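The values are calculated or read from the model by the stated rules, or taken from the named source; none is laboratory data. All figures in this text were calculated on a predicted structure; none of them were measured in a lab. A quick note on method: Cβ atoms are made from the backbone with ideal geometry, for glycine too, and the neighbour counts reach across all protein chains shown. Ligands, DNA and RNA are stripped out before the accessible areas are found, and what is left, the full protein with its side chains, is counted by its heavy atoms. Shrake-Rupley method; radii C 1.70, N 1.55, O 1.52, S 1.80 Å.
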Amino acid sequence: ILLKSFPWFGMDIGGTLVKLVYFEPKDITAEEEQEEVENLKSIRRYLTSNTAYGKTGIRDVHLELRNLTICGRTGNLHFIRFPTQAMHRFIQMGRDKNFSSLHTTLCATGGGAYKFENDFRTMADLELLKLDELDCLIHGLLYVDSVGFNGHPECYYFENPSDTQNCVKKPCCLDNPFPMLLVNIGSGVSILAVYSKDNYKRVTGTSLGGGTFLGLCCLLTGCETFEEALEMASKGDSTNVDKLVKDIYGGDYERFGLQGSAVASSFGHMMSKDKRESISKEDLARATLVTITNNIGSIARMCAVNEKIERVVFVGNFLRINTVSTKLLAYAMDFWSKGQLRALFLEHEGYFGAVGAFLELLKSSEEP
Amino acid sequence: MAGHSSGTNRGSHSMDKSITLPPDEIFRNLENAKRFAIDIGGSLTKLAYYSTVQHKVAKVRSFDHSVKEADGDPLYEISVQEEITARLHFIKFENAYIETCLDFIKDHLVNTETKVIKATGGGAYKFKDLIEKKLKLKVDKEDEMSCLIKGCNFVLRNIPHEAFVYAKHADSEFRFQTTHPDIFPYLLVNIGSGVSIVKVESEDQFERIGGSSIGGGTFWGLGALLTKTKVKFDELLQLASKGQHTSVDMLVKDIYGGAYGSLGLTGDLIASSFGKSATADKEFSKEDMAKSLLHMISNDIGQLACLYARLHNLNRVYFGGFFIRGHPVTMHTITYSINFFTKGEVQALFLRHEGYLGAIGAFLKGAEEDNPNQYSWGENYAGSSGLMSVSPDLNPMQRARSGTFDMLEMDRLERQLVNLPLLQDPSSYIPDTMDLTEDALAREYWLYCFEEALDGVVKRAIASQPDMPEAAERAEKFRQKYRHKLQTLRNQPFAYGSLTVRSLLDTREHCLNEFNFPDPYSKIKQKENDVALRYYLKVVKSLEELSWEQRQFALVRGLLAGNVFDWGAKRPWLVDAYNQWIERLKGPPHTCALFFVDNSGIDIILGVFPFVRELLGRGTQVVLASNSGPALNDVTNGELQILTERIAAMDPVIHSAFKEDRLTLVQSGSSSPCLDLSRLDKVLATVVRERQTDLVIIEGMGRAIHTNYYAMLSCESLKLAVIKNSWLAERLGGKIFSVVFKYEVPPKH
């Protein structure tokens, strides 16, 4: 086999975040090490010895896939993310480290692969291999699921989703994943019906996604980061902000089988000036999170029914450290379908596009 | 309340200050009112009641002909009688006026039978005590959604141009739809503070199949938070209409640098609502945030509506609720969203009387014993305000409107109206030839025409009631009312659905009736009938002397011009299918001909009857359909009854046919000089079906040119008229007094 020369990267440039996967070979022979050019070595050392890069880059150490054998090489797959706003600094770094001398192909997907293509070329003398983001997403997801998460399953679900007391996360296998409805929640949302590795269609999408949650939270609470927003949301109470069925009907709306606790109008209480003055930022953050999540759940459920698919897989960085949303989605799928639909989640939620791009690099290496 | 005795005066006083119309012109016919219903929403109250209207009708009565009559005696007697008809009143006003309105109603409510008022809407609870105290009526609460749907069914069934498509940039923003004869099934998306999506399958069968918590309340609540102002819903919409969402939303091109071609997503598509506002170091304008929010919510609702429509295989989707309620901004964004998500397969439909649905439904629930759904109802153009454009830019009409009252009046029609069974495709049938809403030049012309003709109509109205001294005063009121209607229609051609020559004529008839001029032409018709009858036998005799070919031509000319004028002598006519018609006549006779007749006098007596006589002679049965009520000089069913008897007395051919029921008279169910074949008397439809009618004849400008010119029938049809208007003749490519003789045979299957 003609092996693609190191370094092996895969990149997914989204609307908000850049996701990067880096393969660190652990089977480097002494001979190889000697031949390894200096800047390649320094890139490897820089990425693997740090967990944070600059002000905003972060390596998700807990997601690292260890002792992975791929294309005859063994090593660890690292998962790194930074805000898309820092893209130009990243390109500059590529120039400073003289990346172009390495003669590697930079495989990139996501909208930014198109948007920044010219900047890579002019600023760092780098050519991108642009890849379709949905192809990459599906390939990456299937690959990570097949190799597993360091001996554990990649996939999980919630048992007893409708019972908050006994709702627990359970690992599961995605042995026979097709057909599946794949809901990718990034800045916006794409919903795909996937019938096989290469047979899928984009059913629909919505602009109410992770970007909407964060954008609204910043405007409503003055927070600055996703972590901050989620932290506030975890402490808030959305029923101070939302108008529930019981707020209107005094209880259940029996004529239509609506529970009193169901949200009738998101932010409905905020029509009143007094109520606006009495709520906390945490309540607002929570209400924003619940509104966006429920809406995604509702659209996903309708698509699943329309496409006659029972397995709904939620991915994307909106779900990162976001158990409020994952549990809510699990509940929504279960409750509104009367147990017909099951929500599934994956540990590497937002990285599949980058993994798919990385796989494409290796694929291209097989074809001399 | 202390000092209640002065309440009346105080109430009226404060109303005079705040209401532009005197209250007795708003709450009309209260004396006979019964069966009240009220729908109190977040900002508007809608009141409904049933009342009876006493008005004058012209009746004709035959004299006793056994007594030998002297020459010069009138043919029949015209008497003006009082008739009582049922009318539904619906009034919409701002919640701020509730108390003064209730006071006014209390003072004028005479009917003591009424004990209960049906109530619906979120505010029904809040005002329950006030209503019970003021009106001494028990408030009986009805479920909001079932009222809404009952009301929706009612307007869809009874108001032909109820539903419309909204097109912001088109010449006419409102494109009215012909209501499908079967209104079910449909989807109703009600956007109040939340969203309810209801599938309606029949009168009593409906199901809430879904909904969303992201609705009008979200727009309002979140909008108030984001803009940090104490705003009203309308103000927020106004802010939104001035904003640019692209500074707040993350578009596809912000991520891709351009379009996402392989998925067909354009660069301007919103990828992430509020995606650009996730930053601390930028300020966003209120307008931009409001606009982004409006897009976010409208798109979301549109998407869900499409998903549900697809799942349930429905393509008629009506949108209502306070989020929509005539706001061009939200109608536009919802329409845009539906077009985007269904690629044009589903159209977003809106309703002209959307705001009244709850009140109508609540009223109907209380009136079940009167069986309102058994009758057909018609919108009274004289008493109804019509649709206003509530542009966010607050045009002068809109500004004048806030603080005023909006009204809808529906008359109970004496007969149940149905489709002519001979329409080729009832769902695509459009009666009117020209849509003046879309054709600005034609609109200009006809509005001018009707304005010019107004003096003549007023004079005629006064002349028709020589014994009544106050007729002049009433006629003047009529003039003001109709002129005001024309003014309204100039500014808002869409006020009563598509503006057509028919609707202009009908509005005039409604206004004349309003001021008790039930039949201004009665005397003229009487005189002309009388004169024409004297020539009947002479005409019949001269026709019999002609050869067959000559006679057929003379008969057709007689229909066109009653043989009096030289019209139609020279062929070819503007539309000339005469040769085909003659060829057809050489073939087997028709089984039964349905003839929609036009004018009194020469037309009916010397034109139609000889023609009918010829048909009867061929062995064809004839059904003569005439108006139920008067319109211009058109012959009414009552008059035709007498005329037929008189002709039968002279002419044995007509006599035997009439006696043997080979010649039958039916009412059309209409009181219009035009003809809507989708709203005809049920009896007519039955007769047409029973007799296996295979020929329809429509004569005159109103019925064959202004309406039905393009109507497609499933049997042979003749449409004939002389165009007595040079503008219209030119439009159709001819000159004044051009003849249209259209003979159409439907394609064979």
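Computed values, structure above
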quantity	calculated
Convex hull volume per residue in cubic angstrom - Cα atoms of region B:416-521	124 Å³
Fraction in percent of alpha-carbon pairs per bin - 5 Å, region B:595-670	3, 17, 31, 27, 15, 5, 1
The protein assembly as shown: calculated mean residue ellipticity at 222 nm from DSSP helix runs of at least 4, using -39500 (n - 2.57)	-12000 deg cm²/dmol
Histogram of C-alpha separations across region A:1-113, 10 Å bin width, %	13, 46, 35, 7, 0
Kirkwood Rh in Å, taken over all unlike Cα pairs in region B:185-307	16.0 Å
Computed over region B:444-576, Cα set: Rg, Dmax in Å	20.2, 57
Measure of compaction for the protein assembly as shown (Cα Rg per 2.2 N^0.38 Å)	1.18
Translational diffusion coefficient (Stokes-Einstein; Kirkwood radius from C-alpha pairs) of region B:452-492 at 25 °C, 0.890 mPa s, in µm²/s	228 µm²/s
Dipole moment magnitude, nearest 20 debye, chain B about Cα centre, only Lys, Arg, Asp, Glu C-beta charged	700 debye
Region B:87-150 versus region A:324-345: alpha-carbon centroid distance in Å	44 Å
Shielding by partners, peptide A:269-276 (average Cβ within 10 angstrom, other chains)	5
Compactness index (Cα Rg / 2.2 N^0.38 Å), region B:638-749	1.24
Rounded to 10°, Cα long-axis angle of helix B:471-491 versus longest principal axis of chain B	50 degrees
For region A:218-325, accessible area per residue (1.4 Å probe, heavy atoms of protein chains only), Å²	40 Å²
Kirkwood-type radius of region B:528-626, with distances r between different C-alpha atoms, in Å	14.1 Å
Per-residue mean of C-beta atoms belonging to partner chains within 10 Å, peptide A:284-291	2
Ratio of Rg to Rh over region B:249-340 (Cα coordinates, Kirkwood Rh, two decimals)	1.03
Quarter of the Cα convex hull surface for region B:112-182, i.e. its orientation-mean projected area (nm²)	7.7 nm²
A:T323 - accessible surface, heavy atoms, 1.4 Å probe, Å² rounded to 10	90 Å²
Computed over region B:153-245: relative contact order in percent, which uses C-alpha pairs under 8 Å that are six or more apart	16 percent
Span-rule helices in chain A, defined as complete DSSP H runs reaching 15 Å or more along the axis (Cα) with Kyte mean at least -1.0	A:38-49, A:133-147, A:210-221, A:281-307, A:323-336, A:352-366
Region B:78-211: equivalent-ellipsoid semi-axes (sqrt of 5 x gyration tensor eigenvalues, Cα, Å)	31, 24, 17
Chain A - convex hull of the alpha-carbon atoms, volume per residue in Å³	147 Å³
Ranked by how many other beta carbons lie within 10 Å on average, peptides B:369-376, B:141-148, B:665-672, A:190-197 from highest	B:665-672, B:141-148, A:190-197, B:369-376
Local net charge near A:N294, Cβ-Cβ under 13 Å (Lys/Arg +1, Asp/Glu -1)	+1
Base-10 log of normalised Debye intensity for chain B (one unit scatterer per alpha-carbon) at q = 0.05, 0.06 Å⁻¹	-0.30, -0.43
Signed unit charges on C-beta, dipole axis of the protein assembly as shown, positive-most listed residue B:H312, A:F158, B:P74	B:P74
Ratio of the Cα radius of gyration of region A:111-190 to 2.2 N^0.38 Å, where N counts its residues	1.56
Mean Cα-pair separation over length for chain B, i.e. relative contact order, pairs under 8 Å, 6 or more apart, %	12 percent
Dipole of chain B, positive direction: furthest Cα of B:P518, B:S427, B:I40, with charges on the beta-carbon	B:I40
Nearest 10 degrees, 0 to 90: helix B:637-650 Cα axis against chain B principal axis	10 degrees
Debye log10 I(q)/I(0) at q = 0.15, 0.17 Å⁻¹ for region B:426-483, Cα point scatterers	-0.61, -0.69
Kirkwood Rh and Cα Rg combined as Rg over Rh, evaluated for region A:313-368	1.22
Which listed pairs, of B:K92/B:K133; B:K485/B:K742; B:K538/B:K724; A:K41/A:K363, have C-alpha distances above 32 Å, in listed order	B:K485/B:K742
Peptide B:188-199, shielding by other chains (average Cβ, 10 Å cutoff)	3
Rounded to 10°, Cα long-axis angle of helix B:7-18 versus longest principal axis of chain B	90 degrees
Relative contact order (%) - chain A, alpha-carbon pairs under 8 angstrom, separation at least six	21 percent
Dipole-positive endmost among B:I654, B:L226, B:A58 within chain B (Cβ charges, Cα centre)	B:L226
Buried solvent-accessible surface, both chains (A, B), 1.4 Å probe, Å² to nearest 100	4300 Å²
Packing rank of A:285-291, A:307-313, where each peptide gets the mean count of other beta carbons within 10 Å, highest leading	A:285-291, A:307-313
DSSP-defined beta bridges in the protein assembly as shown - what % are antiparallel, rounded to 5	70 percent
Given B:K118/B:K150; B:K106/B:K128; B:K481/B:K735; B:K34/B:K477; B:K459/B:K527, the pairs whose alpha carbons are separated by over 22 Å	B:K481/B:K735; B:K34/B:K477
